[in-house]
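The values are calculated or read from the model by the stated rules, or taken from the named source; none is laboratory data. Note that the structure is predicted; figures quoted are calculated from it, not measured. Ideal geometry is used to build each Cβ from the backbone, glycine not excepted, and the neighbour counts take in all protein chains shown.
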Amino acid sequence: MEIKINGNAADITLEKEKTIGEVMAALQEWLEASGHRVSGISIDGAIIDVSKLDEIFSRDIATVKSIDLITSSLADLSVESLMNLLSDAGDFEKLNFNERSSFVNNWNESPQALFVKEQMPDLYNFFVNSFSGGEVNTGMLISVTEERLREIKEPALEISNLRQIVEETCTLLNDLALDIQTGKDKRAAETIQIFSGVAEKILRIIHQMDIQGLLSQNTGAEKPLNKIINEFGNIVKELLEAYEKHDTVLVGDIAEYEASVKIKELYTAISAEPAASQEKNDRH
């Protein structure tokens, strides 16, 4: 059986796979590792309706001469889905109360809703909240979605624009212990919230850069990028756990001596990545 990906013969050797479903599972795992997803499939030249894939998964590969997969990068699929979600938000805003219920039911089964539910569950929850009459209004929904679009389409620019915010966050973290000691609970809570938001954004952008092939691991830093990321993730977890337990002494110590240091270290390392990658692309 011949396997093609986007019309090109794939150098793939089947081992124990006996059915199309088993072949697809193996290919999907391989594609996901390279930041791609299957967006279409044809068997022996006949295009298969994606909604009917389950019907052919049990088919023996001995009865098939060729499988041709059409793939799209995860970044491209994300951009397409987010653009459709922006359109959905605008359409929802124009509906009257009675029309909104049926709209939401249909929207939940749309490709963009299913995609974002899998890939960006937090954003999906924003849409569900907004479409269900929650505290997330349409303006906020559109703003958050547009931010995610920028992170995917221009990750280098989004990282660059974070510089002042990261510096301000470090200042807040350094002041957190004193804020707690002097009873400035609201300011302390805001600092934790800001730090969490900035940390999540940096990690989202790193994920995008990774699946788009923009990470080289060669940051010029003393440590590999993956080690810096892991250390930062552990500090974020420790800080949030200490805050939830109301361990104010530990919160202050972690914030000032570890969290502020680690977020600056990660930002410095990741800031060098887009430039290095762009330089590499320019040479080619």
Those residues of segment 1-26 which are farther than 10 Å from Ile61 by Cα, surrounded by 12 or more Cβ atoms within 10 Å (Cβ to Cβ) and of a type in the set (Gly, Ala, Ser) amount to Ala10, Ala25, Ala26
Residues in segment 134-153 that are more than 14 Å from the chain's Cα centre (by Cα) and either hydrophobic (A, V, I, L, M, F, W, C) or over 20 Å from Gln112 (Cα atoms) (or both) total 6
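Considering each of Ser102, Ser110 in turn, give the residue that is at pLDDT below 95, outside the structural domain of Asp253 (by TED's automatic domain parsing), among the small types (Gly, Ala, Ser) and surrounded by 12 or more Cβ atoms within 10 Å (Cβ to Cβ).
On inspection, the qualifying residue turns out to be Ser110.
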Subset of segment 86-106, residues in contact with a Phe, Trp or Tyr (Cβ under 7 Å, 6 or more places away or on another chain) and either under 30 Å from Ser34 (Cβ atoms) or assigned to a helix (DSSP H, G or I) (or both), comes to Asp88, Phe92, Arg100, Phe103, Val104
* Please tell me if Glu80 is among the charged types (D, E, K, R), over 30 Å from the mean Cα position of the chain (by Cα) and farther than 18 Å from Glu2 by Cα. => no
Checked segment 18-64 for anything assigned to a helix (DSSP H, G or I) and either among the charged types (D, E, K, R) or in the same structural domain as Gln112 (by TED's automatic domain parsing) (or both); matches are Glu22, Glu29, Glu32, Lys52, Asp54, Glu55
